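Notes follow the structure.
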Amino acid sequence: MKNKFEVVPLKSLDEWEDDLLRRYPNPDEIATSKSTEEYRNYNEPERDTVREFYRLNHTYQTYDFVMQKEAEFLTFNKKEMPVWNAFDFLNQLVDDSDPDTDLDQFQHLLQTSEAIRKDGHPDWMVMVGLLHDMGKVLCLFGEPQWAVVGDTFPVGCAYSDKIVYPEFFANNPDYTNPKYNTKYGVYSPNCGLRNVHMSWGHDEYVYHMVKDRLPEQGLYMLRYHSFYAQHRENAYDHLMDDHDREMFRWVKLFNPYDLYSKNPTPPNWAELKPYYEDLVVKYLPPTLKF
Ligand SMILES: [Fe+2]
Ligand SMILES: [Fe+2]
């Protein structure tokens, strides 16, 4: 697994997000078989790296892998930084993509939060926009891309065929393990997502980082923003309880701001800075633990 191509199959993390836009071109649409088919026929070199990325992700994201990463990272004993240094740290995440066309991580966060702010949503949701991809710092701790980004999904129970590239789950050892490969696996019907372990990545990590600091609606947005198999495809209703269903209205509200706010013009940070400095003081501790 130390092979370079297994650690960074994507030239840029943006390749995953570009692929999401091809899969979900319309803000409100639940995917139809037709759009899935069109997506399948889409042809360009970037698709091969995304495919390879998902092959690795689906092969290695097992129940045991998730347990191991939760134990490793949810102790938050790696690093401690003042909040604004943490954003600078995240921005060290540069990859081989075209520097002229790609926005840095902070610009994406700011465009997401600004789009939320313009629509008049509560300031905690603006905070969520600014913070939602902070977990991508996992890449800077040497984690492979497939353990940081990509659509997330429950582990410990059968993988839905609504997850992108479902055929690659056949390579995952849990796929043939009777403990994990039934509809409910280690869970019980409608047990609630709080009892479900999700594939490991930047969503779960940032949720735990700030779970005492934001309203629950915002925490759901952070924790499940890459759970496309549910918020777009409704594939895991059998694990959700009524409270999850209520909270997923907020996850769905957040998704278009993440996916459709990208704009080649960078936000004017000098102008926006005073607002965000106050916002960060209101919601976050002076330092963030990683
Ligand atoms: Fe994200
Ligand atoms: Fe994002």
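The values are calculated or read from the model by the stated rules, or taken from the named source; none is laboratory data. For clarity, every value in this text was computed on a predicted model and none was experimentally measured. Virtual Cβ from ideal backbone geometry, glycine too; neighbours counted across all protein chains shown. All accessible areas refer to the heavy atoms of the entire protein, side chains included, with ligands and DNA or RNA removed. Shrake-Rupley method; radii C 1.70, N 1.55, O 1.52, S 1.80 Å.
For region 226-239, give me each residue that is in contact with a helix residue (DSSP H, G or I) (Cβ under 6 Å, 6 or more places away or on another chain) and not small (Gly, Ala, Ser). Please lay out each step first, then the result.
Just the residues of region 226-239 that are in contact with a helix residue (DSSP H, G or I) (Cβ under 6 Å, 6 or more places away or on another chain), to begin with: 226, 231, 235-236.
Residues satisfying the conditions are His231, Tyr236.
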Please identify the pairs in which a residue from region 126-137 that is within 10 Å of ligand 2 (Cβ to nearest atom) has its Cβ atom under 9 Å from the Cβ atom of a residue that is basic (Lys, Arg), counting only partners at least 6 apart or on another chain. Gly129/Arg117
Any residue in region 172-192 that's aromatic (Phe, Trp, Tyr): show its pairings with residues that are open to solvent by 50 Å² or more (accessible area, probe 1.4 Å) at Cβ separation under 8 Å, as long as the two are six or more apart or on different chains. Tyr175/Asn181; Tyr180/Val186; Tyr187/Asn195
Please specify each residue of region 195-231 satisfying the condition of being basic (Lys, Arg) and either within 12 Å of ligand 1 (Cβ to nearest atom) or touching an Asp or Glu at 6+ places or on another chain (Cβ under 8 Å) (or both). Arg223
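Going through Leu130, Leu140, Leu110 one at a time, which residue ends up being within 16 Å of ligand 1 (Cβ to nearest atom), aliphatic (A, V, I, L, M) and either open to solvent by 10 Å² or more (accessible area, probe 1.4 Å) or farther than 30 Å from Val83 by Cβ (or both)?
Just a single option satisfies the conditions, and that option is Leu140.
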Go through (1) in a helix (DSSP H, G or I); (2) within 16 Å of ligand 2 (Cβ to nearest atom); (3) in contact with a His (Cβ under 9 Å, 6 or more places away or on another chain) for Thr152 and report which single condition fails. (1)
